[in-house]
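Here's the structure we're looking at; comments come further down.
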Amino acid sequence: MRAADEPLAAAAQAIQHARRLVVLTGAGVSRESGIPTFRDALEGLWAQYDPQQLASPAGFRRDPTLVWQWYAARRRAVAAAQPNAAHIALARLGAVKATTLITQNVDGLHEAAGSTAVLHLHGALDRYKCVDRGHGHDIALETLPDAPPPCSVCGALLRPDVVWFGEMLPPEILSRAIAATEQADLMLVVGTSGLVHPAASLPLLAAQCGAVTIEVNPEATALTPHMTLSLRGAAGALLPALVDSL
Ligand code: APR
């Protein structure tokens, strides 16, 4: 075994022994699918806008159609993308071990790779809800209108069902994520900078509760000092190797 393989072998062994596994993913897991992060996507026509204008309740009140079109453009970009080897490896992991998959991503690529019951902390680009009472709606991309339509239940405008600046995370999803984290004996933290809370608090909670914590990221992050093991590299290379070695 090469020295560089040792953390991978140690991680595989820890996963083999784990009984309650939690995986937390961030934008890095979708990097190899070509999904730009929120800020990276602010290019071309969109470069003139401030993130607060495009992703906040106040921005939506000010110009609902602008915000709607920005999210429609992001959704179209995601629809053209494919899950990568990291998403596929996590779906395989979920098939062989009881796993709770928690994601900060809104792109739906975990489901496209075959993962089920994914906890979406920050919502999903293909779901909508009304601004007044949160009535949920699915709209197919092919039938997406150019401006926010009214809710068929109450008539209020629909908005993307994603978490905007200054908003709370969906409470039920967050409490399920916290409960799974408290019960986990191992947490795998993939492709997140660990800067955005409360998502970034979950690995800290797992560590406090005595779980083994394993980070997969090409770079050191705010979470690295709290991790049991850090695997340095791209998720699309490391996760298939990890799952293959189980
Ligand atoms: N494999 C694994 N990790 C990667 C890869 C890769 N191929 N490429 C980049 N990364 C890592 C980066 O090193 C970085 O640590 O992914 C992380 C991405 O960090 P952020 O862009 O901050 O993404 P995330 O942590 O998901 O941000 C949280 O912030 O923008 C808001 O709501 C948005 O959900 C998002 C939240």
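The values are calculated or read from the model by the stated rules, or taken from the named source; none is laboratory data. Everything numeric here is computed off the predicted structure, so don't read it as measured data. Virtual Cβ from ideal backbone geometry, glycine too; neighbours counted across all protein chains shown. All accessible areas refer to the heavy atoms of the entire protein, side chains included, with ligands and DNA or RNA removed. Shrake-Rupley method; radii C 1.70, N 1.55, O 1.52, S 1.80 Å.
Things to note:
- The helices (runs of 4 or more DSSP H) falling completely within segment 132-246 that include 1 or more residues that are without any contact (Cβ under 8 Å) to a residue 24 or more places away in the chain and within 16 Å of the ligand (Cβ to nearest atom) map to 201-208.
- Just one of the listed residues (LEU141, LEU109, LEU101, LEU93) is surrounded by fewer than 18 Cβ atoms within 10 Å (Cβ to Cβ) and hydrophobic (A, V, I, L, M, F, W, C), and it is LEU141.
- Test: residue in segment 77-91 that is part of a loop (DSSP other than H, G, I, E, B), modelled with pLDDT under 95 and of a type outside the set (A, V, I, L, M, F, W, C): no
- Of all residues in segment 1-26, those that are farther than 13 Å from ARG232 by Cα have Cβ atoms under 6 Å from Cβ atoms of residues that are at pLDDT 95 or above and surrounded by fewer than 15 Cβ atoms within 10 Å (Cβ to Cβ), 6 or more apart or on another chain, in ARG20/GLN183.
- Being away from the ligand (no atom under 14 Å from the Cβ), open to solvent by 20 Å² or more (accessible area, probe 1.4 Å) and modelled with pLDDT of 95 or more is a condition met by at least one residue of segment 44-60.
- For VAL29, the conditions (1) in a helix (DSSP H, G or I); (2) out of contact with any helix residue (DSSP H, G or I) (no Cβ under 6 Å at 6 or more places or on another chain); (3) within 9 Å of the ligand (Cβ to nearest atom) all hold with the exception of (2).
- Filter result for THR181 (buried (at least 19 other Cβ atoms within 10 Å of the Cβ) and either farther than 26 Å from ILE88 by Cα or assigned by TED's automatic domain parsing to the domain that holds ARG20 (or both)): yes
- Restricting attention to segment 196-212 and to residues that are open to solvent by less than 30 Å² (accessible area, probe 1.4 Å) and within 28 Å of PHE165 (Cα to Cα), the residue that is nearest to the chain's Cα centre (by Cα) turns out to be ALA199.
- In segment 98-121, the residues that are of a type in the set (Gly, Ala, Ser) and assigned to a loop (DSSP other than H, G, I, E, B): ALA98, GLY108, GLY114, SER115, ALA117
Residue by residue, here is whether (1) at pLDDT 95 or above; (2) more than 19 Å from LEU121 (Cα to Cα) holds:
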site: ALA3; (1), (2): no, yes
site: GLN13; (1), (2): yes, yes
site: LEU21; (1), (2): yes, no
site: VAL29; (1), (2): yes, no
site: LEU42; (1), (2): no, yes
site: PRO64; (1), (2): yes, yes
site: TYR71; (1), (2): yes, no
site: ARG75; (1), (2): yes, no
